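Beneath this line is the structure, given in structure tokens, with notes to follow.
The values are calculated or read from the model by the stated rules, or taken from the named source; none is laboratory data. Here the structure is a predicted model, which is why all the values come from computation and not from measurement. Cβ placement follows ideal geometry from the backbone for every residue including glycine, while neighbour counts extend to all protein chains displayed.
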Amino acid sequence: MFISEPGENFTDFIFLASGQPIDIGTQGLAPEQSQWLQERLFTVDATGAAPLTDNLNPLEHLQLAKAEHYRRFLVDMFGAELFVR
């Protein structure tokens with residue numbers, strides 16, 4: 001799993017799934033691509049964790065909080081008059 005913005009409290013999580021370990025140091029990637037991934041690598045403690053499947057997908061519910069965060073951010077940055085008419 002990777003995060004979009006290292007060091008930030010509010011970030012997107014990028015899930016990659018594979019039948020085998022993903023090698024971000026592979027020669028198939030340019031060094032800057034490997035470095036970008038390495039900076040965003042996030043290791044999850046899977047002790048006692050349940051598999052995340054489409055049947056147990058909290059992301060659609062969590063999307064509401066993210067959308068509200070970005071809405072407030074844009075309103076604060078550009079002003080409500082740009083979005084509310």
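Quick notes on this structure:
- Check on ALA17, at pLDDT 80 or above, exposed (fewer than 10 other Cβ atoms within 10 Å of the Cβ) and not acidic (Asp, Glu): no
- Identity of the residue in segment 29-50, of a type in the set (S, T, N, Q) and surrounded by fewer than 10 Cβ atoms within 10 Å (Cβ to Cβ), that ends up farthest from MET1 (Cα to Cα): THR47
- First in segment 23-38 and modelled with pLDDT of 80 or more, second anywhere and among the aliphatic types (A, V, I, L, M) and assigned to a helix (DSSP H, G or I), Cβ under 8 Å, 6 or more apart: ILE24/LEU37; LEU29/LEU37
- Total residues in segment 1-14, condition surrounded by 10 or more Cβ atoms within 10 Å (Cβ to Cβ) and part of a loop (DSSP other than H, G, I, E, B): 7
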